[in-house]
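Every number here is computed from the coordinates shown, using simple stated rules; none is lab data. Given the structure is predicted, the values throughout are model-derived calculations rather than measurements. So basically every Cβ, Gly included, is an ideal-geometry build from the backbone, and we count neighbours across all protein chains shown.
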Amino acid sequence: MKCLSGFSTAFPRLCLSLGLIISVGSARVAAQIPRILAPTNDEWKEKIRNEIEDVKQSIAKNPDDAQEHYRLGGLYEKLFQWQDAVEAYSQAVRIKPDFANAHYVLGWVYAEMNNYEEALKAHQEAEKHIRITSFNLSLNGEIANYAKGWDLYRLRRYDEAIAHYAKAAQIDPSFQEAIYEIGRVHLAQGDQEGVQQIINKLDPYFRDLLLKEMEIIESAGRGGATDSPNPSPLTMDGERRPTILYREKAKYTETARQHKAHGTVVLSVVFDANEKITGVRIIRDLPYCLTAQALIAAQRIKFKPAMKNGEPVSVRGTLEFSFNLY
């Protein structure tokens, strides 16, 4: 699997924080989607802020240093200051319009902000300049097309998304992640035949992930458990909520680590009276198989069901699986 050549030189080694949040009530879902959990290490945050001030001083001496603006954007990303990161990366590409990596990371920041129209524009610009190396950083064509495929998938422009994922796989036939995403697009379209064709092209690891994701999504489409005492789940609230007994961190995939993919997968689920997670709906997903890992982790949660009038009841709430790089 290829990654961004020289990308690690622009970003210091990062650590990972994964978390799970149970949210009460469906009304809070929309407000939670853009939110990414911030680091709690005050000392580390202060270090990043000091680095930001150092970079700003460097920029004050040389305002046209595109590399320093790029570096500033990366520091703002670590603090999840998305708008500041957008401004820094945007300034980098204004100074150096052929700076492919700056366009590329700008696109992913827009994606974090759920602005997929702007994300697509940035990734289109990135692809235009993939043959140009800037500050020892280069961008591969398959990665740029994967990013465009993701933006188009999130915009529900499914046929175009498939075309770009296919192009990514054509550039690098070993790029299984791109083929896997084609299967996910077919799954979103309800095209079971298309999903099966993709399954036959995948290596065992990705095949198992796609099969598991398809199983969970199809179960939700069937309404989840059919033997529940109350098949129509109630909305979770302060009085009716399950008690979590066991949960696992969602696995952070190696490809996501290579490409610094981070964010939060948000799932709407039913905590069934029969002590099973059912009725899973994907509210917000992430690339590089992170959504599948969140789905798998959700299925492994153990809980005591919510109670009403002394009886177990099914309730719907949201789960957040955070994949944070810092």
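Between amide H atoms placed 1.01 Å from N, distances below 5 Å from Lys308 occur with Val313, all of them 5 or more places distant or on a separate chain. Computing FRET efficiency as 1/(1 + (r/R0)^6) for Lys308 and Asn62, where r is the C-beta to C-beta distance and R0 is 51 Å, gives about 0.20. Computing FRET efficiency as 1/(1 + (r/R0)^6) for Lys201 and Asp98, where r is the C-beta to C-beta distance and R0 is 30 Å, gives about 0.30. Short-range pairs are left out: with C-alpha atoms under 8 Å and at least six residues apart, the relative contact order of the stretch 106-225 is 15 percent.
Charging the Cβ of each Asp and Glu at -1 and of each Lys and Arg at +1, and nothing else, the dipole of the stretch 13-325 about its Cα centre rounds to 540 debye. Global size of the stretch 13-325: 21.1, 69 Å for Rg and Dmax (C-alpha atoms, Rg to one decimal, Dmax whole).
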